[in-house]
Amino acid sequence: MASVEMLMPKMGESIIEGTILTWLKKEGDSIEQDESVLEVATDKVDTEVPATHGGVLKKILAKEGDVIAVGAPIAIIETDQEDSSAPSTAAATSEEKPSPKEELVAAAPAHTESLISGGESAQLSADDRFYSPLVRSIAKEEGIGAAELSQIPGTGKDNRVTKQDMLDYLKNRGSKAPVSQPAAPAPSIAETPKVQVSISASDEIIEMDRMRKMIAQRMVDSKRISPHVTSFVEADMTHIVQWREKNKNAYKQKYGESITYTPFFIEAIAKAIRDFPMINISVDGDRIIKKKDINIGMAVALPSGNLIVPIIKNADQLNLVGISKKVNDLANRARTNKLTADDLSGGTYTVSNVGSFGNVMGTPIIPQPQVAIMAVGAIVKKPAVVETPTGDVIAIRHKMFLSHSYDHRVVDGSLGGMFVRRVADYLEAFDMNSTF
C-alpha cells in the first residue's frame, strides 16, 4: 500500500487558486481514478475535480470553504500500488512544504497582479490578510470597502475570509451599524454608484446569483474601458442554407450529431482573422498585444438565463467538421454545468448568435481583454437583386445581418468595417460542392 497526495489542479491559464465548495466523497470511501471527488469554485467557473489515483480517500486536507493554491495538497489517497517516491502521510511532507500563502507567491508569475481580478493586488488593506479573487469579487459587487472587509471574521486557514464567511456576513450586514469608512475609498475596490429604485408591495424582489453579478460587473467594466463602435453588413447565406438542408441528415447519420450554422460563422471569422490579424489583439496600458493563437469564444445561453462563453482553441486549424464537434461538445457541457476553467480561458475573439432568439441584429458588448465581438442575426428570406449573365433579376435569397462591435481605441472604422465585410465574403463564397 502507498499513499499519494492529491493536489489542487491547474484550472485555467490565469487561475492560481480555487475555493473548495463540496466534497463528493468522505474519508474512508473507495474511489476510482478520474472519478469526481470534490467541487471547486474559481473566479471563472465551478467545476468537479476528478481523483488522480484510484484507491481509498484516506484523509481530507482542505475543508469546504478553504481557498487553496494551485499545486497545494488537498487530500491523501491510499492506493494499492507500491510507490517509494510517494509520501506515506501528509505529515511526511508538511515540514518540507511552504505555507499555502508562500506556495501561492512562489507559483504565481511576476505579473500576477495584472492577471487576477483586473489587476487588483492580493492584499486589500494593512491587516496582513490574503483575500482571494472570489472574495474580492464579492466585496466589489456588494460595495464593501477595505476597512469593512478587514473586520469580517475569517474561518479559513490563517484567518482567511472564505466565500461562506462573506455570504454569512452579507446576511446580517443590513441589521448591523455600518462600519466607518475612510474618507477616500480604497483604490483596489471600485464603489459602484447605485440608483434609487422605488419598490411597491406588489413587486417581486429577485436576488442576483453569483454568475449574474459577475456578468453585470464585467459588462459595466467593458463599456467603461472600451469605446464601442459597431459596423453592420448584410450577408447572403443562400449557399450555406441550401448546403446544410441537403446534407444535414447524412451528416447526422455519419457523425451522430447535428450541424448548426454556428460552425460556418466560426470558420469564416477564423479565416478573416488570418487576413486581418490586428483584430486578434489585446490592450495592456500603452501596449498592443498581438495574439498568435486564434481562439474564438461562442456565447451560450444557459437554462438559468445567464450567459457563458466557452472557447474553441486554435479555431483556424480546424475544418468544418472539427469546429462543429467542438461547438456541440462545448454547448452541451455548458448547459449541464460541466465546463472547466480552461474551457473558458484564452479567448481572443467572440461570436454571439442573437439570431437564435429571432433577432435580426444586435450590438454586443466586447468581452475584455478582447477588442472585438461579432453578433450574427436571424437568417430570413428576402427579395434581392441578383446579377446574372443575362441581366439583373429579383430572387428570394437567405439574408443575415452581421454586427461587429470593436474597441475604437485600437480598431478604427476602416479595419472594423473591412473585417466584417471579409467575414460576409467568406460566408457568401461557401462552396456548394464541399464534402464532409
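Just so you know, all these numbers are worked out from the coordinates, no wet-lab data involved. Model, not experiment: these values are computed from the prediction. When we count neighbours, we look across all protein chains shown, and the Cβ atoms used for this are built from the backbone with ideal geometry, even at glycine.
Can you tell me the length gained on complete extension of the stretch Ser356 to Glu207, counting 0.36 nm per residue apart and subtracting the Cα distance?
Extra length available between Ser356 and Glu207 comes to 50.9 nm.
Quick one: if you stick a label point 7 Å off each Cα along the C-beta vector at Thr363 and Glu64, how many nm between them?
Label at Thr363, label at Glu64, 4.6 nm between them.
Return the sequence-ordered ³J(HN,Hα) values of region 53-69 in whole Hz as given by the Karplus equation 6.51 cos²θ - 1.76 cosθ + 1.60 applied to θ = phi - 60°, using x for Gly and Pro.
For region 53-69, the Karplus-derived couplings read 9, x, x, 10, 6, 6, 8, 9, 9, 10, 7, 4, x, 5, 9, 10, 6 Hz, x marking Gly and Pro.
How high is the FRET efficiency between Glu27 and Arg333 when r is their beta carbon distance and R₀ equals 25 Å, given to the nearest 0.05?
Once rounded, the FRET efficiency stands at 0.25.
Can you tally the net charge around Tyr255? Count Lys and Arg as +1, Asp and Glu as -1, for every other residue whose Cβ sits under 13 Å from the Cβ of Tyr255.
+3
How would region 184-314 be classified by its alpha-carbon gyration tensor: rounded, prolate or oblate, with rounded meaning a/c under 1.5 and the a/b versus b/c comparison settling the rest?
In terms of gyration-tensor shape, oblate.
So, with +1 on the Cβ of K and R and -1 on the Cβ of D and E, and no other charges, what is the size of the charge dipole of region 199-284 about its Cα centre, to the nearest 20 debye?
360 debye
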